[in-house]
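Worksheet for the structure shown next.
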Amino acid sequence: MGNKVARVILGIVIIVGILVGAYFILPGSVHYPIKAFIQEKTNDNYSKVIEPLKAAKVPKNKDFTFGDAFESNTEHPAWTIEESDVDDKGNGSYIIYADGFNITVALESEENSDGLITRTNAHFRCRFDVTKEGSVIKVNNKTMEEGKPIYPSQIEVDQDVYSQSNTSNDYYQKCLDSLCGK
């Protein structure tokens, strides 16, 4: 009897180990939506922080919110959250990632005729550095206002990273334009 119980427990441990291992080796287009689904169901702060970001306008694309742009122009969109120094009331610092897949991003530099970069079937990721204090949400230390655009601190297209603070080229804004289908 004890031998059968041990076998059942060992079988359950092996199956759980296989499922956890499979989750971590999944491609991002599957991994991030699963992670977002789990966070949405288990994290009380998820909607309080994510929904205002989804409703925020994309800079220089006033017809699009970030939520609309990711839903309509990427496949498998997912919004994930990393908490840092968050108290019981949800106040603290967060890093929010918005991921989308299978988007074409064409980046043409006006400064350089050799500056055309085109990514097809790309992984597009925006990073937002968020601070929540009561009902006030700040992105990159600027208070969010309804109907106003917000700027991600970073945009990643495949392995290329474009920072809001780097204004030496116009690739950052062109990434946002591509997200909006332009």
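Scan Tyr172, Tyr94 and give me the residue that is open to solvent by less than 30 Å² (accessible area, probe 1.4 Å), among the hydroxyl-bearing types (Ser, Thr, Tyr) and within 25 Å of His31 (Cβ to Cβ).
Details: Tyr172 fails: within 25 Å of His31 (Cβ to Cβ).
Residue meeting the stated conditions: Tyr94.
Could you check how many residues of the stretch 125-152 are free of Cβ contacts under 8 Å to residues at least 60 places away in the same chain, part of a strand (DSSP E or B) and within 13 Å of Pro52 (Cα to Cα)? Before you say what the answer is, go through the steps one by one.
First, the residues of the stretch 125-152 that are free of Cβ contacts under 8 Å to residues at least 60 places away in the same chain: 125, 127, 129, 131, 133-136, 138, 140-143, 145, 152.
Restricting the remaining residues to those that are part of a strand (DSSP E or B) gives 125, 127, 129, 131, 133, 136, 138, 142-143.
The next check asks that each one be within 13 Å of Pro52 (Cα to Cα); those that pass are 131, 136, 138, 143.
So the answer is 4.
Only one of Gly90, Gly17 is modelled with pLDDT under 90 and at positive phi. Can you tell me which? Full working, then the answer.
Details: Gly17 fails: at positive phi.
The conditions single out Gly90.
Run Lys60 past the list (1) in contact (Cβ under 8 Å) with a residue 40 or more places away in the chain; (2) under 14 Å from the mean Cα position of the chain (by Cα); (3) loosely packed, with under 14 Cβ neighbours inside 10 Å and report the number of the one that doesn't hold.
Of (1) in contact (Cβ under 8 Å) with a residue 40 or more places away in the chain; (2) under 14 Å from the mean Cα position of the chain (by Cα); (3) loosely packed, with under 14 Cβ neighbours inside 10 Å, only one is false for Lys60: (2).
Please state which one of Glu83, Glu75 is more than 21 Å from Val49 (Cα to Cα) and either open to solvent by 70 Å² or more (accessible area, probe 1.4 Å) or of a type in the set (S, T, N, Q) (or both).
Glu75
Look at the stretch 37-56 and say how many of its residues are open to solvent by less than 80 Å² (accessible area, probe 1.4 Å) and closer than 21 Å to Lys89 by Cα. Write out each step before concluding.
As a first pass, look at the stretch 37-56 and keep what is open to solvent by less than 80 Å² (accessible area, probe 1.4 Å): 39, 43, 45-47, 49-50, 52-56.
If we keep only those that are closer than 21 Å to Lys89 by Cα too, we end up with 39, 43, 45-47, 49-50, 52-53.
Matching residues across the stretch 37-56 total 9.
Can you pull out the residues in the stretch 144-178 that are among the hydrophobic types (A, V, I, L, M, F, W, C) and either at pLDDT below 85 or in contact with a Cys (Cβ under 8 Å, 6 or more places away or on another chain) (or both)? Break it down into steps so the answer makes sense when it comes.
Filtering the stretch 144-178 down to residues among the hydrophobic types (A, V, I, L, M, F, W, C) leaves 144, 150, 155, 157, 161, 175-176.
Within the stretch 144-178, Ile155, Val157 qualify.
Could you tell me whether Asp177 is out of contact with any Gly (no Cβ under 9 Å at 6 or more places or on another chain), open to solvent by less than 60 Å² (accessible area, probe 1.4 Å) and on the phi > 0 side of the Ramachandran plot?
Working: out of contact with any Gly (no Cβ under 9 Å at 6 or more places or on another chain): yes; open to solvent by less than 60 Å² (accessible area, probe 1.4 Å): yes; on the phi > 0 side of the Ramachandran plot: no.
Spelling it out, it is not the case that Asp177 is out of contact with any Gly (no Cβ under 9 Å at 6 or more places or on another chain), open to solvent by less than 60 Å² (accessible area, probe 1.4 Å) and on the phi > 0 side of the Ramachandran plot.
Determine the pairs where a residue that is free of Cβ contacts under 8 Å to residues at least 24 places away in the same chain, located within the stretch 28-43, has a partner that is open to solvent by 60 Å² or more (accessible area, probe 1.4 Å) and in a helix (DSSP H, G or I) with Cβ atoms under 8 Å apart, the partner being 6 or more residues away or on another chain.
Partner pairs satisfying both residue conditions: His31/Phe24; Glu40/Ser47.
Hey, Ile137 hits all of (1) open to solvent by less than 50 Å² (accessible area, probe 1.4 Å); (2) closer than 20 Å to Asn61 by Cβ; (3) touching a Lys or Arg at 6+ places or on another chain (Cβ under 9 Å) but one; which does it fall short on?
The number of the failed condition is (2).
Among (1) in a strand (DSSP E or B); (2) modelled with pLDDT of 85 or more, there is one condition Thr120 misses while meeting the rest; what is its number?
(2)
What helices (runs of 4 or more DSSP H) lie completely within the stretch 1-114 and have 3 or more residues being in contact with a strand residue (DSSP E or B) (Cβ under 8 Å, 6 or more places away or on another chain)? Break it down stepwise before answering.
On the way: elements: 2-25, 28-42, 46-55, 66-73.
Here the list reads 28-42, 46-55, 66-73.
The values are calculated or read from the model by the stated rules, or taken from the named source; none is laboratory data. Please read all numbers here as calculations on a predicted model, not as lab measurements. For neighbour counting, all protein chains shown are included, and Cβ atoms are generated from backbone atoms with ideal geometry for every residue, glycine included. Heads up: the accessible areas ignore ligands, DNA and RNA and are worked out on the full protein's heavy atoms, side chains in. Shrake-Rupley method; radii C 1.70, N 1.55, O 1.52, S 1.80 Å.
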